[in-house]
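Student: Submitted below is the structure of interest, expressed as structure tokens.
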Amino acid sequence: MSELFHGFNLREYNENVRRFFLFGVPLFAGMMIQSLLYNLYLTRLGFQEDFIGQMAGLAPLASGLFAIPTGIISDRVGRKPFLLATAVVMAVAQVGLCTVTGRMPLLILSFVAGTSGAFIWVNHVPFLSENADPQRRAQAIAIWMSIQAITRMVMSLVAGSLPDLMGHLTSIPTDQPDPYRYALYVGAALCLVATLPMLGVQAKSSRDKRREQDTPVAFPLRTFVAFGAISLCRGASMGFSFPFFNVFFQQALGLSTPMIGIVFFLSQVAAVPSIVAAPAIARRLGAIRTVVPTRIMGSVALVVLGFTDNLALGFACFLTSVIVEAITTPTEMTYATQIVPSRYWARMQSLRVTGFQIPAGLASLAAGFLIVEYGYWATFALAGTLRLASALILLTVFGKQARHPGEGSGH
């Protein structure tokens, strides 16, 4: 773990990177409040898992549909306009989602909110890769992921207690939607605050862009197809599981909202050192040897989670799943930037986002109906199987490089 921060000094990163790190704190705080509380808010409006699945599915569908156009346009106009739009669209859409109660307006707003996902997830890796020195790229991505995890860790506790606080201030019981609505407004305000540090980001010079675009580099088709397939499996796995974790803990395991916040808090406590350690593990073992066995372990945890009604075992499986994502996601991101020429970074990331988000949205749409009809075991088993498939594809396509622990590190 100490290897990651060897020689680390935040001042050695340029102002763009530092501002980007500051941008992430309020943005992820607002996103965490929404992630933890919104489905619980919907249940208090009287909606069941089938409608919650539709809501959860539309946002990633929008992200997936907008990802490739976002990647193409951001290559031309830069990352800053899209990163600013992320915070603004997310804040405005969240206010709408917490204000209207009709089914169709909620579905439309969920789709609109999802476009902000394309803006951030397509551009975060290219932005850091363009603005951080090559030797610090892995560290910058890991720090960015750590900021995300730490912010979510803190906000898990805060967000879990916000409805009780709002209920106390308004004298409205928390079995009503209003305390949750007011708590969600706080999240929208935090997203809007995220625009402030981004305003000072300086655009990359047009000369640098022209130099990169004029350099002839063969298009890595095989790599694009492989990462597209991996993202498809990962996205569908996430769609079948992640949007329903909070409802699962409340409906199936009987936890209160503050306790769910503590569960998410503890999972992020475990995630942070895992993210920090990921680059050092990948340097020692190689990216493939790091990702494949870890992701297989996570697939088993998801399957077991769907079949258990024991809180301790359920928490252990959930914790394992979070740690797996914490280790494998930044490792895979960094590996992609190492084996793909820089001129294709945004297009690769937009493909990964599209391949992830559209299957995630479709899976969430299907999962809501499957849960109502069969229970959580069906969707979590599908999620585990798909996560296993993503590991096997990675091993099949890039496995020969696993003999060399530093694969891609010098590219």
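The values are calculated or read from the model by the stated rules, or taken from the named source; none is laboratory data. Given the structure is predicted, the values throughout are model-derived calculations rather than measurements. Reconstructed Cβ throughout: ideal geometry from the backbone, glycine too, with neighbour counts over all protein chains shown. These area figures cover heavy atoms from the full protein model, side chains too; ligands, DNA and RNA do not enter into them. Shrake-Rupley method; radii C 1.70, N 1.55, O 1.52, S 1.80 Å.
Student: How many residues does segment 290-325 hold that are over 20 Å from the mean Cα position of the chain (by Cα) and of a type in the set (S, T, N, Q)?
Tutor: So the answer is 2.
Student: All but one of (1) over 16 Å from the mean Cα position of the chain (by Cα); (2) at pLDDT 90 or above hold for residue 30, so report the exception by its number.
Tutor: For residue 30, the failing item is (1).
Student: Can I ask one more? Might you let me know whether segment 224-243 holds any residue that is over 16 Å from the mean Cα position of the chain (by Cα), farther than 25 Å from residue 378 by Cβ, surrounded by fewer than 22 Cβ atoms within 10 Å (Cβ to Cβ) and at pLDDT below 85?
Tutor: No: segment 224-243 contains no residue that is over 16 Å from the mean Cα position of the chain (by Cα), farther than 25 Å from residue 378 by Cβ, surrounded by fewer than 22 Cβ atoms within 10 Å (Cβ to Cβ) and at pLDDT below 85.
A quick yes/no check of all residues on (1) over 26 Å from residue 339 (Cα atoms); (2) among the aliphatic types (A, V, I, L, M); (3) part of a helix (DSSP H, G or I); (4) modelled with pLDDT of 90 or more:
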| residue | (1), (2), (3), (4) |
| --- | --- |
| 136 | no, no, yes, no |
| 158 | yes, yes, yes, no |
| 166 | yes, yes, yes, yes |
| 169 | yes, yes, yes, yes |
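Student: Need pairs with beta-carbon distance below 6 Å; first residue within 16 Å of residue 52 (Cα to Cα) and in contact (Cβ under 8 Å) with a residue 60 or more places away in the chain and within segment 240-256, second open to solvent by 30 Å² or more (accessible area, probe 1.4 Å) and assigned to a helix (DSSP H, G or I); sequence gap 6+ or separate chains.
Tutor: Hits for this filter: 240/382.
Student: Follow-up. Condition first: of a type in the set (S, T, N, Q) and without any contact (Cβ under 8 Å) to a residue 24 or more places away in the chain. Now tell me which residues in segment 147-175 satisfy that.
Tutor: Correct list: 170, 171.
Student: Listed residues 67, 62, 91; which is surrounded by 18 or more Cβ atoms within 10 Å (Cβ to Cβ), touching a Cys at 6+ places or on another chain (Cβ under 7 Å) and either among the hydrophobic types (A, V, I, L, M, F, W, C) or not in a helix (DSSP H, G or I) (or both)?
Tutor: 91
Student: Residues that are open to solvent by less than 10 Å² (accessible area, probe 1.4 Å) and at pLDDT 90 or above, at least 3 per element: which helices (runs of 4 or more DSSP H) completely within segment 281-395 meet that?
Tutor: 287-307, 311-339
Student: Would you mention how many residues in segment 171-188 are open to solvent by 50 Å² or more (accessible area, probe 1.4 Å), part of a helix (DSSP H, G or I) and in contact with a Pro (Cβ under 9 Å, 6 or more places away or on another chain)?
Tutor: Looking only at that region, the number is 1.
Student: Please verify whether segment 402-410 includes one or more residues that are surrounded by fewer than 19 Cβ atoms within 10 Å (Cβ to Cβ) and assigned to a helix (DSSP H, G or I).
Tutor: For segment 402-410, residues surrounded by fewer than 19 Cβ atoms within 10 Å (Cβ to Cβ) and assigned to a helix (DSSP H, G or I): present.
Student: Still on this structure: Which residue pairs have Cβ atoms closer than 8 Å, lie 6 or more positions apart in sequence or on different chains, and pair a first residue in segment 282-295 that is under 17 Å from residue 231 (Cα atoms) with a second residue that is surrounded by fewer than 22 Cβ atoms within 10 Å (Cβ to Cβ) and small (Gly, Ala, Ser)?
Tutor: 287/408; 288/399; 288/402; 292/399; 292/402
Student: Does residue 77 satisfy the condition of being over 20 Å from the mean Cα position of the chain (by Cα) and either over 20 Å from residue 31 (Cβ atoms) or of a type in the set (A, V, I, L, M) (or both)?
Tutor: In short, yes.
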